[in-house]
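First up is the structure itself, then whatever we jot down about it.
The values are calculated or read from the model by the stated rules, or taken from the named source; none is laboratory data. Keep in mind it's a predicted model, so treat the numbers as computed, not measured. Methodologically, a virtual Cβ is constructed for each residue, glycine included, from the backbone with ideal geometry; neighbour enumeration extends over all protein chains shown.
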Amino acid sequence: MNILITGANRGIGLEMVRYSMEQGWRVFACCRNPHTADNLFNIAKLSNGQISVHIADMQELGTLQALSYELRNDAIDILINNAGIYGSDKNAFGSVDVESWLQAFQVNSIAPLKMVEAFAEQLSMGKRKIVACMSSKMGSMADNGYGSSYIYRSSKAALNAVVKSLSIDLKEKGIITVALHPGWVKTDMGGFNAEISTRESVEQLFTLLLHLKEHDSGRFIDIDGADIPW
């Protein structure tokens with residue numbers, strides 16, 4: 001099985017690479033700056049060519065097209081849009097950092113769509129034909145009981161809208177598109193007080209991904225498999 005993972009240099013993405021290697025899967029591990037991705041390269045060195053590291057900068061869409069051309073003959077079974085940013089801490093009413101907000105939309109909402117556009121043919125060549133976009137419960141409007149966090153919430157809500165439209169537009173190609181909530185995970189973004197480790201999150205996420213059917217396309221799925229309200 002061939003898997004492409006963005007934001008593969010740390011956190012959940014890095015653990016996905018490690019887990020995939022253990023399963024014997026072929027991994028195209030992508031990040032913004034491979035030259036500083038020491039942990040990723042250390043895993044790749046142990047993989048006997050099973051893992052390759054590539055540039056995919058969500059703020060430079062030309063790198064996504066270049067990567068697609070590089071991998072034009074490779075089938076992709078699962079494309080995981082994992083790369084994402086939280087944005088500025090200045091995200092409360094009256095002090096929202098607009099520049100950071102625009103950057104978050106670029107990385108969290110626009111780039112995932114552009115990744116799917118760039119790799120639609122490779123996905124069509126794959127057996128699984130799955131697009132998994134890392135969303136968050138913070139993108140759920142029904143689940144918003146605390147307000148604030150305008151930057152991150154809105155960018156993930158926009159990503160959810162992208163996923164829903166992709167599920168309709170790619171249905172004829174047999175491509176399944178879902179938004180996933182990875183849980184509250186102990187990462188640089190999630191913090192040390194989070195509920196689960198990256199390993200626990202990744203194991204549950206792949207269990208979900210490997211059991212997806214066509215009728216699941218367009219769902220916003222919690223880590224326990226339940227639907228999250230929009």
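Report the residue count in the stretch 179-230 for those that are assigned to a loop (DSSP other than H, G, I, E, B) and either closer than 15 Å to residue 137 by Cα or hydroxyl-bearing (Ser, Thr, Tyr) (or both).
20
So the check is Cβ under 9 Å with 6+ separation or different chains; which pairs have a first residue in the stretch 135-154 that's within 19 Å of residue 102 (Cβ to Cβ) and a second one that's exposed (fewer than 15 other Cβ atoms within 10 Å of the Cβ) and of a type in the set (A, V, I, L, M)?
148/92; 149/92; 150/92; 153/141
Yes/no matrix, rows are residues, columns are (1) on the phi > 0 side of the Ramachandran plot; (2) more than 16 Å from the chain's Cα centre (by Cα); (3) assigned to a helix (DSSP H, G or I):
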site: 90; (1), (2), (3): no, yes, no
site: 93; (1), (2), (3): no, yes, no
site: 99; (1), (2), (3): no, yes, yes
site: 108; (1), (2), (3): no, no, yes
site: 148; (1), (2), (3): yes, yes, no
site: 152; (1), (2), (3): no, no, yes
site: 162; (1), (2), (3): no, no, yes
site: 166; (1), (2), (3): no, no, yes
site: 177; (1), (2), (3): no, no, no
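Looking only at the stretch 136-161, how many residues end up being under 18 Å from residue 178 (Cα atoms) and aromatic (Phe, Trp, Tyr)?
Final tally of qualifying residues: 0.
Quick check on the stretch 35-53. Is at least one of its residues touching a Gly at 6+ places or on another chain (Cβ under 9 Å) and touching a residue at least 40 places away in the same chain (Cβ under 8 Å)?
Within the stretch 35-53 (the criterion being touching a Gly at 6+ places or on another chain (Cβ under 9 Å) and touching a residue at least 40 places away in the same chain (Cβ under 8 Å)), the answer is no, since none of the residues qualifies.
Pairs under 7 Å by beta carbon, first residue more than 20 Å from residue 160 (Cβ to Cβ) in the stretch 84-109, partner at pLDDT 95 or above and among the acidic types (Asp, Glu), six or more apart or different chains?
That search, which allows pairs on different chains as well, returns 88/97; 90/97.
Take the residues in the stretch 157-178 that are surrounded by fewer than 17 Cβ atoms within 10 Å (Cβ to Cβ) and among the small types (Gly, Ala, Ser); name whichever of them is nearest to residue 220 (Cα to Cα).
Across the stretch 157-178, the extreme among qualifying residues is 161.
Can you report the number of residues in the stretch 102-123 which are farther than 14 Å from residue 159 by Cα and of a type outside the set (D, E, K, R)?
The number of residues fulfilling the criteria is 5.
Only one of these conditions is not met by residue 117: (1) of a type outside the set (S, T, N, Q); (2) crowded, with 17+ Cβ neighbours inside 10 Å; (3) not in a loop (DSSP other than H, G, I, E, B). Which number is it?
Going through the list (1) of a type outside the set (S, T, N, Q); (2) crowded, with 17+ Cβ neighbours inside 10 Å; (3) not in a loop (DSSP other than H, G, I, E, B), residue 117 breaks only (2).
Kindly check whether there is at least one residue in the stretch 135-148 that is touching a strand residue (DSSP E or B) at 6+ places or on another chain (Cβ under 6 Å), buried (at least 20 other Cβ atoms within 10 Å of the Cβ), at pLDDT 95 or above and not basic (Lys, Arg).
yes
From the list 215, 181, which residue is surrounded by fewer than 18 Cβ atoms within 10 Å (Cβ to Cβ), modelled with pLDDT of 95 or more and out of contact with any Cys (no Cβ under 7 Å at 6 or more places or on another chain)?
One residue alone meets the criteria, 215.
Quick check on the stretch 8-41: of everything there that is of a type in the set (S, T, N, Q) and closer than 23 Å to residue 204 by Cβ, which residue is surrounded by the fewest Cβ atoms within 10 Å (Cβ to Cβ)?
The extreme case among them is 23.
Regarding the stretch 42-52, can at least one residue be identified that is within 19 Å of the chain's Cα centre (by Cα), surrounded by fewer than 19 Cβ atoms within 10 Å (Cβ to Cβ) and of a type outside the set (Ser, Thr, Tyr)? It would help to see each step written out before you state the result.
Step one: filter the stretch 42-52 for residues within 19 Å of the chain's Cα centre (by Cα), giving 51-52.
With surrounded by fewer than 19 Cβ atoms within 10 Å (Cβ to Cβ) added as a condition, the list becomes 52.
Add one more test, that the residue is of a type outside the set (Ser, Thr, Tyr), and what stays is none.
No: zero hits.
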